[in-house]
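Participant: One structure, pasted below without further comment.
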Amino acid sequence: MRSGMTWLLSTLCAAILATAAAAQETTLRAIASFAEQTHYTKTFLTFVDRVNAAGKGSVQINFIGGPKAMPPFEVGNALKNGVVDMAFVTGAFYTNVMPEADAWKLTERPMAELRKSGAFDYMAKLYDQKMNAVFLARYANDSPFHLYLTKPITKPDLSGLKIRITPVYRDFFSALGATVVQTAPGEVYTALERGVVDGYGWPIHGIFELGWQEKTKYRVDPGFYNAEVSVIVNKDAWNKLSDAQRKVVTEAGQWLESEGTDWAKHNAAEVERQKAAGIETIVFSPAEAQAFRAKAYAAGWEGVIKQSPEHGPKLKEFFSK
Ligand code: 173
């Protein structure tokens, strides 16, 4: 009788616990480091919607907000420490936590290839060790950065010019002789308006969303590097998810990385829009253009290797063409 009772009770308990576990919904708190009206963050919100639809009753993402909710350069530590569970961010914003993250800008191979070659696994290990994070998906890709100016130049020489940067552009623009000023994207408009800077680095896309076309006279061609914006997840939060929950988030990540945006099409439209807005292009001679790009990569890798003598050379091998 006694053992029958115990059996009944433990069976009941097990059943109740199993039901509770199945019913338990996990919510991940997510932050974006680009403004909410940008194409970047709008697409991230589509990713969030996909998770929330497929993960109904299982896993949900609670979008906290953009850079007004948390300054971009603080996102790395917040993700590492679990203040947020998920971040939509570019490597240049968290070099304080993981200097190697800035090397994503130097990839000259598609993500699908990097995921097969060992390059992705190498980076994933660094995210694990240095950032307490899981790299879920790269969103921005196949899009160059450019130098935008309020004053014309005739050759690849930025002597006497003050240029707004992030770590993405620091080594290259410094090598071209610029005085560099680091700011978050949210401060660029005011810096241009007040004449604190004579130009800025930014990808080929996105300036209209921030109103910068009003203050931009020139775009320098060619572009250089490869813009990166990705979704990363706090490792403790990731490890707490069940396999089924991880599957939901992973599949949305795969969508974001491979189908999130047709960058070639998006960028072509942005180029047209810049032209229509009267932004002139400064085009170097073929020889100068080639030297300009070569200098970009040389300075970029030199910077990465200086920041990370241990991993920089290996990343160069993996990422370069
Ligand atoms: O703020 C920036 O210029 C920057 O570093 C960046 C990186 C990736 C995409 C857009 C901007």
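Participant: For the range 70-82, does any single residue satisfy the condition of being modelled with pLDDT of 95 or more and farther than 21 Å from D102 by Cβ?
Facilitator: Let us first name the residues in the range 70-82 that are modelled with pLDDT of 95 or more, namely 70-82.
Keeping just the survivors that are farther than 21 Å from D102 by Cβ gives 82.
Checked the range 70-82: at least one residue is modelled with pLDDT of 95 or more and farther than 21 Å from D102 by Cβ.
Participant: A further question on this structure: Among the residues of the range 226-234, is any touching a helix residue (DSSP H, G or I) at 6+ places or on another chain (Cβ under 8 Å), in a helix (DSSP H, G or I) and farther than 21 Å from E108 by Cβ?
Facilitator: The initial filter retains those residues of the range 226-234 that are touching a helix residue (DSSP H, G or I) at 6+ places or on another chain (Cβ under 8 Å), namely 226-234.
This time we only want the ones that are in a helix (DSSP H, G or I), so: none.
Within the range 226-234, not a single residue is touching a helix residue (DSSP H, G or I) at 6+ places or on another chain (Cβ under 8 Å), in a helix (DSSP H, G or I) and farther than 21 Å from E108 by Cβ.
Participant: Looking at the range 175-191, I want the residues that are touching a residue at least 60 places away in the same chain (Cβ under 8 Å) and farther than 13 Å from I207 by Cα and have a partner that is within 15 Å of the ligand (Cβ to nearest atom) and of a type in the set (F, W, Y) with Cβ atoms under 9 Å, at least 6 apart or on another chain. Which pairs are those?
Facilitator: Final answer for the pair search is A184/F73; A184/F93.
Participant: Report, by residue number, each residue of the range 243-265 that is touching a Ser or Thr at 6+ places or on another chain (Cβ under 8 Å) and either among the small types (G, A, S) or farther than 30 Å from T27 by Cβ (or both).
Facilitator: Matches in the range 243-265: A244, G260, W263.
A quick yes/no check of all residues on (1) farther than 23 Å from D121 by Cβ; (2) more than 13 Å from the ligand (Cβ to nearest atom); (3) polar (S, T, N, Q):
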site	(1), (2), (3)
V59	yes, yes, no
I64	yes, yes, no
P67	yes, no, no
K80	no, yes, no
E100	no, yes, no
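Participant: For the range 124-195, which fully contained strands (runs of 3 or more DSSP E) count at least 1 residues that are farther than 17 Å from Y218 by Cα and within 11 Å of the ligand (Cβ to nearest atom)? Can you show your working first?
Facilitator: Working: elements: 133-140, 145-149, 162-165, 179-182.
Those strands (runs of 3 or more DSSP E) span 133-140, 179-182.
Participant: Residue under question is T281, and the condition is that it be closer than 29 Å to T41 by Cα and outside any loop (DSSP other than H, G, I, E, B); does it hold? Let's see the steps before the verdict.
Facilitator: On the way: closer than 29 Å to T41 by Cα: yes; outside any loop (DSSP other than H, G, I, E, B): yes.
When the stated conditions are applied, T281 passes them.
The values are calculated or read from the model by the stated rules, or taken from the named source; none is laboratory data. Every value quoted in this text rests on a predicted model; they were computed, and no experiment measured them. Using ideal geometry, Cβ is built from the backbone for each residue, glycine included, and neighbour counts are taken over all protein chains shown.
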